[in-house]
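Values in this text are rule-based calculations from the coordinates and carry no lab data. Everything quoted here is computed from the prediction, not taken from an experiment. Here Cβ is always computed from backbone atoms with ideal geometry, including for glycine, and neighbour counts include all displayed protein chains.
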Amino acid sequence: MKITTNFLSIFFIAFFFISCESTNSPDKQISTYEDAVNFSISKLNTSLNEVPQLKYPIRTKGFGEWELTESSAWTSGFYPGCLWYANQLVKDKNLEKQALQFTEGLEDQQFNTNHHDIGFMMLNSYGHAFEQIGNDKYKNILLQSANSLSTRFNKNVGCIQSWNGDFQVIIDNMMNLELLFWASKNGGDQTFYDIAVSHADKTIENHLRKDGSLFHVVVYDANTGEVLQRKTHQGYSDSSAWARGQAWGIYGFTMTFRETNDKKYLDAAEKIAEYFINHLPSDYVPYWDLNLPENDDRQYKDASAATIALSAFLELRNYIENTSKYDDLIEIIFNSLFSDYISVNTNTSGIINHCAYNCNSKNPYDWDASTIWGDYYFLEALVRYKQLN
Ligand code: GLY
């Protein structure tokens, strides 16, 4: 889809103050930025009655309650992260206290070397804790977490291993590099920076296709570094573009440009973004795979891919000369989420509905539900939008 950009800078501010039609909520509407903030805070406050300490939401059971995990799950940092962002938006002592308690439940995870997701887990919890209240204990936990993540780096491959077993690297792994960049700036070793750069370079080399789409999984020979296979796990096919993977890529390379100032990462982010944008449906919230055939019976949206991309666009716009280039997109995605995806007038515990964890799964809750990372990046987008203004 081609997007016109020139008039949007005017609407960018204005649309938050204009009522928009809601197709799924006859009795209540989210029409403005302020509505969205208030609704999100109220949802999070309600969720505090549902989520016990030391348990962590992953995704809702359809449009019902959160399914909860232990602290070792890849998603455990997102709930404390949501509470930290909520606190950033409205400054509330109880939200801060709860954010801290859910964060501190992750302390042992600093030693977790079992998967690559420690970046998501620790930066989204302890990273916010350190930023908002500052405490050397949190800094040391983050440094140890970076150390744990770096144990999964293999010099022959030049990458961090995502999953155990074969040496598989998934595009999602770009997100975990932020912990390494953070550590290298906060008293950690230069090696953290070098590992992150090496991983990002290999991802450009082996995940990024010429047309700007991304492979989900690349399998390497751990001894020679040779690419053995390129495939998918959550996408429609090995050669398609899994929507959330594409969103992780936009976000990951935008962040890598921020941390390195190397233009090749900005170019990669823009190329991946262009493919993503050109494969969006009319409401700009992608189907779970950007190449999903119309005759496939799994016609589900992944609104979490939209919230991740939205947050990334709110950063990416700052690094290009024509800052309005992404503003129309930001407006349209916010608007779509407000009118058709925010969980107003539903009983789901999440903020954003219609996220697809994994449409290749047999569990219908994995096809269409709220996900904690969908909510996290939505809240991050609200914070980034506020900072922009
Ligand atoms: N990083 C796992 C996922 O996006 O499903």
Surface/4 of the Cα convex hull for segment 121-239, nm²: 7.9
Estimated 222 nm signal from helices in the chain, with DSSP H stretches of n ≥ 4 weighted -39500 (n - 2.57), rounded to 500: -14000 deg cm²/dmol
16 Å reach of a label modelled at ASN156, 7 Å along Cα-to-Cβ, counting backbone N of segment 181-222: 219-222
Listed peptides 341-350, 62-71 by packing density, highest first (mean Cβ within 10 Å): 341-350, 62-71
Built amide H within the under 5 Å cut-off of CYS159, gap 5+: ASN154
Out-of-range pairs (alpha-carbon distance over 27 Å; input LYS139/LYS231; LYS155/LYS185; LYS55/LYS386; LYS263/LYS325): LYS139/LYS231; LYS55/LYS386
Residues GLU259, GLU131, sorted so that the one with the fewest Cβ neighbours within 10 Å comes first: GLU131, GLU259
Taking the convex hull of Cα positions in the chain, its mean projected area over all directions (nm²): 17.8
Positive-pole candidate from LEU177, SER47, GLN299, dipole of the chain, charges at beta carbon: LEU177
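Going highest first, how would you order 292-303, 78-89 by mean Cβ packing within 10 Å? Present the calculation step by step, with values, prior to reporting the outcome.
Values: 292-303: 16.2, 78-89: 26.2.
Ranked from most to least packed, the peptides come out as 78-89, 292-303.
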Cα-based equivalent ellipsoid of segment 266-389: semi-axis lengths in Å, sorted from largest, via gyration tensor: 25, 18, 11
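Using the Kirkwood formula over every pair of different C-alpha atoms, what hydrodynamic radius in Å results for segment 22-146?
Computed over Cα pairs of segment 22-146, the Kirkwood hydrodynamic radius comes out at 15.3 Å.
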The chain - charge dipole about Cα centre, Lys and Arg +1 at Cβ, Asp and Glu -1, debye rounded to 20: 380
